[in-house]
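Heads up, the thing below is written out as structure tokens.
Each reported figure results from applying straightforward, stated rules to the coordinates on display, with no laboratory input. Fair warning: this is a prediction, and the values are worked out from it, not measured in the lab. Glycine gets a Cβ as well: all are built from the backbone with ideal geometry, and neighbour counts include every protein chain shown.
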Amino acid sequence: MNNNILNIATVFSGIGSVEHALERLRIPHNIIFACDNDKFVKQSYFANYKLNENQWFDDIKNLDGNKYKNNIDLFVGGSPCQSFSMVGKRKGLEDFRGLLVFEFIRLLKEIQPKIFIFENVKGLLNHNKGKTWELISKEFISANYIIHYKVLNAKDYGIPQNRERVFVIGFLNNDTKTNKTNKTNKTNNIFFKFPEKIPLKLKVKDLLEDTPNPKYYLPPKGVQFVLNEKNLKKSYTQVNADIALCQKRNQQFNWHGDFILEEPKNSIEEKYFLSENTKKYVLSSGTKNFYIKPEIDLDIARPLLSTMAKMHRAGVDNYYSYGQRLRKLTPRECLRLMGFDDRFKIVVSDTQMYKQAGNSIVVNLFIEILKEIYLKNN
């Protein structure tokens, strides 16, 4: 890459995946504008990237791309994916969110950036038996671009998350002799190919915080739901996996997604824990003639007696479990699973941060794509 500073612009900007990727790659760049309609996303974006208020747009429909014509090197966006997702109603272009892809294409035609990157769920490719993608791809080409597209999975590029997304890379076609329907790998002296898969060295446990706040541990009802055999079998939930399920914006609020089962950090001496035989006795239900209800973990303790050190009595003494506890991922851990390093500042509530992480694009995928575009061809 030459010494020129890269001018970038993004729409549906979220928390700035491509911006963070450029920072991690140390590629000099200027953010010309960003756009997102979520006020909490704006808080996160302004806390982490340098731009002025007049460089931010709340509504893509109010953004006039003509004022930026031929002034953008890289234009990036990923319109809302719910309309094409396999887990949604798949209304596609009948859903106003699905139509927002054409706002992205409108800006392409107005701005004519040198290169664009568009991201969405892989369901975009087969929606309506492929007719939706056929229409959209023709629109990309009619905007004067030679395009390349492929489904990439985060777990193949350094992040332990099973997250498949389609990436469309477009190069401005300055060769009027080139057939616009020809998806050749050569344009503007740039040879492009999608990055090769790389070995996955990280596991989810490598991205966990050492001392998570106790508030992230689940209540008994949540534990019961997560560990339900039906939910585990259908992959609604997953516990202590090496590769995380695809993160969703609401996964931490409906007890779906990835969870961590771990031993609590403690300094209780071993002598205070019951032996297996004693534990069985304490938890037994007695005989027909002598029944004692085996209750432990009481909210209000039974009266403490002077003889409690000498014997175990299931219905008299107090016993409390201190085994493994189940917790959800913390916001920081979710960010790490999206490729954001710990320099990323969290300035919003947990609720908003979970949503923003789940709606984002994996930074590492941008890193590998940017390497192919800017670092391997110069």
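Worth pointing out:
- Under the Karplus curve 6.51 cos²θ - 1.76 cosθ + 1.60, θ = phi - 60°, whole-Hz ³J(HN,Hα) for the range 198-213, x wherever Gly or Pro sits: 10, x, 8, 9, 9, 10, 3, 4, 6, 9, 7, 6, 6, 9, x, 4
- Simple spin-label estimate for residue 229 and residue 242 in nanometres, 7 Å along Cα-Cβ: 2.6 nm
- Nitroxide proxy distance, nm - points 7 Å out along Cα→Cβ at residue 254 and residue 197: 3.0 nm
- Rounded FRET efficiency, nearest 0.05, which uses the C-beta distance separating residue 279 from residue 62 and R0 of 56 Å: 0.25
- The range 205-240 versus the range 131-148: alpha-carbon centroid distance in Å: 42 Å
- Entries in 215/280; 155/371; 201/234; 197/371; 50/345 that, when Cα-Cα distance is taken, lie over 24 Å: 215/280; 201/234
- The residue 342 and residue 102 beta-carbon pair, evaluated with R₀ = 51 Å, returns a calculated FRET efficiency of approximately 0.85.
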